[in-house]
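The next block holds one structure in the form of C-alpha cells; read it before the comments.
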Amino acid sequence: MLETSSKANGLNITGSVRLVHEVGMHARPAVKLTKLAKKFKAHISIRASDAAEWTNAKSVAKVMALRAARDSIIEIKATGEDAEAAVAALVNLVAADFPDSGP
Amino acid sequence: MQARILQQVYRGRTASIGFARGPFVRIAAAPNGKRAAGAPDDERRAIRAALDFAGHQLSSLASAVGGEGSQILEFQLALLEDDDFLDPVFAAMEAGTPADAAWTSAFDEQIAEYNSASDEYLRARSSDLVDLRDRVLRALRGADELPQLPSGAVLCAEDLPPSQFLEIDWSSGGGVALLRGSPTSHVALLARARGIPMVVQLGALADGAQTALLDGERATLEIDPGVEQIENFEKRRERHRKSRAAAHAILRRPAALWGGERVRLLINIQSAEDLDHTDAQYADGVGLMRTEFLLGQQAGLPDEETQYQAYSAVLRWADKRPVTIRTFDAGGDKPVPGFTETGEANPFLGVRGLRLCLARLDVFTVQLRALARAAIHGNLKVMFPMVTSPDELETARTIFKGVVDGLQAGRVAAALPELGIMVEVPAAALTIERFKASFYSIGSNDLAQYVTACDRSNGALSKLSDPLQPAVLDLISRTAQYGKRAGVNVSLCGEMAGDPCCIPALLSCGLRELSVNPSALAQVKQAIEGLSHGGTRE
C-alpha cells in the first residue's frame, strides 16, 4: 500500500511515502532522489521510519546512510519558496518507484 | 617470501590469444605516490582541479562504457557533487591537513562504514568508494588515470575492471597478465574483441621485473627473459603470425565446406562500427547484432530515430546479405538504469531479455517501430532473447504486427521481418518443436550456463561450465536436428562458435551456420577447412 500525505506545518511542508523499492534506498534510488532534490531551491530534509534525526536530501552520501529498507516510511520536509513542489515531486518519485523519466 | 628469480616462467590460463613483448608494468591496487603539500589556498585549488578532472573522466567513461557499469559511475559522480560529503574534506584542509590526506580520511570512514554493513549490496558499494578515492588521488598526484603504458607493455594487475581496460590506449599493442581473473570475465571478452593477449590466474609473481614476454597461446608469462627465451618467443610469435596470415588468405577463398555441405559464417557485432573490421566484408551476413549499446547512451533510453539510423546503417552495409538483430537483451549481467529491474536476488534468473521487453512495452514498441521501418532497407531478421515459452514468442509477434499495421496505417514505410528466437533457456531447447519461429539462434553462452548451473564469470567453475559438456551438445544437436527436419534455419552465435576446438563438435551436431566476432572469422574458416571431413571446395 502506498501512503502519501502532505501538510503545511508552520513554514515546513512535509510529506510521507512508503518505500516500495525492492532493495530499499540504494545507489540508484539515492542518486535519483538527490538529483531531483537539487533541482529545488528549498532546504529539503529526509528521514526514514521515525528516526530522530533529519538528514539532507541533497546529499547522496547521507541518503545512502539512511539505510532505508523496503517498506519503511520515508518522510520529507522542506522549507523555502518551492518547498511544496519539492515535497510533491520527491514523494511522487518514491511512490512511483524511481522511474527513469522523473518529473 | 619469494626472492627475485631471473628468467622465471609463470603459467596461467589463456583468456585472449596473442603475443606481447615489452616493458613490464605492474599496476598497484592503490596509488602510493607522494606529493608535497602547499599552502591551504593551493591545496584547495589542487583538490578542486582534481575533483573536476575526475568528474570529467567519469562522465566521458560513462558514455563510452554505456549501460554496463554506468549505474556505478553515476553514483560516483553524485558523490563528487555532494557538498555534505566534500565539506569535511575542505574543513580538514582549512585546518592544515594536506589535500590528499584530507581526501583519504573522508573516505576511510565511509568505506569502513559500508564494509561493516549487514547488507551485502552496501558492502559491495565500498569498492566503488575505493575506486573514486583512488581516481581523485591519482589526479591530485598529477598521475594520469593510469600510468601511460610504454608501447607494447605487458600490464600486470591482480585483476582489471572492464572500465580500466577501456581507459587504456591499446593502439600500440601490449598485453595483460592477471594474477587472478577469469577467462570468462567481461574484461576477457573485451580483450578478445580488441585482439589484446591476456593470460589470467598467474598466481603470485616476483617483484621488480623490468621486461616480460606474454604468450597468450601457451598461457605463459616470462619475466626478465634471457636471450634464448626471447628467441624462442619470437619463433612462436612468427609461427602464430604465419598461421594467421594463412587464415586470412583463406577468407578470400570460397565458402568452407564440411561433409560436402556449405558452412555459412556470419559475424556478431555490437554496432555499425564493428563492420570496419577488415575481415567483416568476408562474412555471409550479420548473425547477431546486439542492440544494448543503444541503451548506454547518456540521454536516457534511445528514441526511435536513433535506433532506426543504427539498424539501417547495418542493413545498407549488408546489402542483400541477412542481418539478424536481437531485441534489447538487458538484465542479468547487463543492468540498464531506468529499464532493468533492480534488486533482483538472482538477476540471471530474473526479468531479462524478452521477459523485460514484454513488461516494458513503452521501451519495446519504440524498438519494434524502428526495426519495422529499417526492415525495408534489406534482409532483416529479428530475434528475441531469453524466450522460455511459445506464448512469449506469439505475444511478441502480435505486438510487432500491431506496430507494423500502425505504421502502415500512418503511411510510414514499414515491414514485418522474419521472427526468430534465441535458444538459450534449456526449456526452449528441450521443446524446440513448440516454437513456431522462422529461425533459431543458439546462444551457447547462456545455454551452457543454465544447463550446467554454473555462473560463467566464476573462474572456479570453468571446468564444469565447459560448453563441450555432453548435456550442452545434446541440446545443440536436438535443436539443429529439429531445424533440419522442419526446414527452420539454425545458427549458433555464442563464444564457442569462434573457438577452433569447438568447431568439430558443432559441425557434428548438425550446425551449418556459425556467427562469430569479425576477428575470429579467419581462424574459424581455417579450422573448418583443416578438418578431415572437409570436402572439395565450391
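Laboratory data are not the source of any read-out in this text; all were calculated from the coordinates shown. Because the structure is a prediction, the values reported are computed rather than measured. Positions of Cβ are generated from backbone atoms using ideal geometry, with glycine treated the same way; all protein chains shown enter the neighbour counts.
Table for the structure above
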| read-out | value |
| --- | --- |
| Exercise: per-residue mean of other protein chain Cβ atoms within 10 Å, B:415-427 | 0 |
| Förster-model FRET efficiency, 35 Å R0, B:Ala415 and B:Asp169, C-beta, rounded to 0.05 | 0.25 |
| Which listed pairs, of B:Lys334/B:Lys436; A:Lys32/B:Lys401; A:Lys32/B:Lys334; B:Lys320/B:Lys436, have C-alpha distances above 30 Å, in listed order | A:Lys32/B:Lys401 |
| Backbone HN-Hα couplings from phi across the stretch A:45-61 [Karplus 6.51/-1.76/1.60, Hz, Gly and Pro as x] | 10, 9, 8, 10, 6, 6, 4, 5, 8, 8, 9, 5, 6, 9, 10, 5, 5 |
| B:Leu205 long-range amide H proximity, modeled H, under 5 Å | none |
| Under the span-like rule (Cα at least 18 Å along the axis, Kyte-Doolittle mean at least 0.0), DSSP H helices of chain B | B:67-80, B:361-374 |
| DSSP bridge pairs, chain B: antiparallel proportion in percent, nearest 5 | 35 percent |
| Exercise: per-residue mean of other protein chain Cβ atoms within 10 Å, B:332-341 | 2 |
| Residue-by-residue Karplus 3J(HN,Hα) for the stretch B:457-462, coefficients 6.51, -1.76, 1.60, Hz, glycine and proline x | 8, 8, x, 5, 9, 4 |
| Cα-based convex hull, the protein assembly as shown, per residue volume (Å³, whole number) | 180 Å³ |
| Contour minus Cα-Cα distance for B:Asp41 and B:Glu113 (0.36 nm per residue) | 22.9 nm |
| Packing-based ranking, highest mean first, of B:218-225, B:80-87, A:56-63 given that Cβ atoms within 10 Å are counted | A:56-63, B:218-225, B:80-87 |
| Averaged over B:106-116, number of beta-carbon atoms from partner chains that fall within 10 Å | 1 |
| Highest average packing first - A:23-36, B:404-417, Cβ atoms within 10 Å | A:23-36, B:404-417 |
| Separation between Cα centres of the stretch B:376-442 and the stretch B:204-246, rounded to whole Å | 48 Å |
| Antiparallel %, DSSP beta bridges [both residues in the stretch B:210-319], to 5 | 70 percent |
| Label point 7 Å beyond Cα of B:Glu158 along Cβ direction - residues of the stretch B:198-239 with amide nitrogen under 14 Å | B:203-205 |
| Square roots of 5 times each gyration tensor eigenvalue, C-alpha, chain B, largest first, Å | 42, 32, 20 |
| Extreme residue, positive dipole direction of chain B, given options B:Leu468, B:Ala212, B:Tyr282 (C-beta unit charges) | B:Tyr282 |
| Calculated over the stretch B:190-332: convex hull of Cα atoms, volume per residue (Å³) | 202 Å³ |
| FRET efficiency estimate (nearest 0.05) - Cβ-Cβ, A:His43 to B:Ala486, R0 51 angstrom | 0.15 |
| At R0 = 45 Å, FRET efficiency that the Cβ-Cβ distance of B:Asp207 and A:Glu22 yields, to 0.05 | 0.45 |
| Residue-by-residue Karplus 3J(HN,Hα) for the stretch B:430-436, coefficients 6.51, -1.76, 1.60, Hz, glycine and proline x | 6, 10, 4, 5, 7, 9, 8 |
| Distance (nanometres) between label positions extended 7 Å along Cα→Cβ at B:Thr395 and B:Asp474 | 3.0 nm |
